[in-house]
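Below is one structure, written out as structure tokens, with a few remarks after it.
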Amino acid sequence: MEPTLLLNHEQIQQKINRMAYQLFENNYAETEIVLAGIEQRGFVLAQRIQQALNTFSEQKVTLLSIDVEKDSPYQSFQSKLLAKEIFENKVVVVIDDVLNSGKTLIYGVNQFLHAPVKKIATMVLIDRNHKRFPINADYVGLSLATTLKQNIRVVFSDGRDEAFLE
């Protein structure tokens, strides 16, 4: 079966800009926001959100990379805790490209629960609505009901970002 294009480059950029504005509106009084992207594509999305924020906001934006093993997230969480001084008493936004079962995102959020933070929010480009874990995205580019057999693939490349339903 041929992949179906869900979002082209311009549509993804519009979603990124909208989510960046929403993030700013909800946190305009903060001096610093921490964007924590889940490797690989979640981190790229976090970089794009940072770029969008920098076009209209004076806030300091700290970018973190979270390495969560998708097959064994508990193991990766135990071995790679982040230094809490980076995010302590700050607003943290955990970012991934697609929210499917919620497993990766909840383990990503868990990285920030060992220190006091002002607020933790979550952001995804696409929410598939197939959660097995009790987590929702606070900022969503596109919410899409899919079957469990379908897959969503997000491709980030210079000037040609795309999302496909396969």
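Values quoted throughout were computed directly from the atomic coordinates according to the rules given, and no laboratory measurement underlies them. Note that the coordinates shown come from a computational prediction; the quantities given were computed from them, not determined experimentally. Methodologically, a virtual Cβ is constructed for each residue, glycine included, from the backbone with ideal geometry; neighbour enumeration extends over all protein chains shown.
Remarks
- Sequence-distant residues sharing a close amide H with Leu6 (under 5 Å, placed H): Ala163, Phe164, Leu165
- Remark on Leu99: its backbone amide H falls under 5 Å from those of Ile126, Asp127, Arg128, a criterion applied only to residues 5 or more positions apart or on other chains, H modelled at 1.01 Å from N.
- Over the stretch 10-148, Cα pairs under 8 Å with separation of 6+ residues give a relative contact order of 25 percent.
- Gaussian network model of the chain, springs between alpha carbon atoms under 10 Å - residue of Thr146, Thr55, Thr104 with greatest fluctuation: Thr55
- Between Phe112, Phe133, Phe156, the residue with the greatest mean-square fluctuation in the GNM of the chain (Cα pairs under 10 Å linked by springs) is Phe133.
- Simple spin-label estimate for Arg153 and Val117 in nanometres, 7 Å along Cα-Cβ: 3.1 nm
- Close amide-amide hydrogen proximity is noted between Ala36 and Leu64, Val93, Val94, Ile95, each under 5 Å apart and 5 or more residues distant or on a separate chain (H modeled in the peptide plane; Pro and chain starts excluded).
- Among Tyr139, Tyr28, Tyr107, residue whose mean-square fluctuation peaks in a GNM of the chain (springs only between Cα atoms under 10 Å): Tyr28
- Subtracting the Cα-Cα distance of Leu63 and Thr4 from their residue separation scaled by 0.36 nm leaves 18.1 nm.
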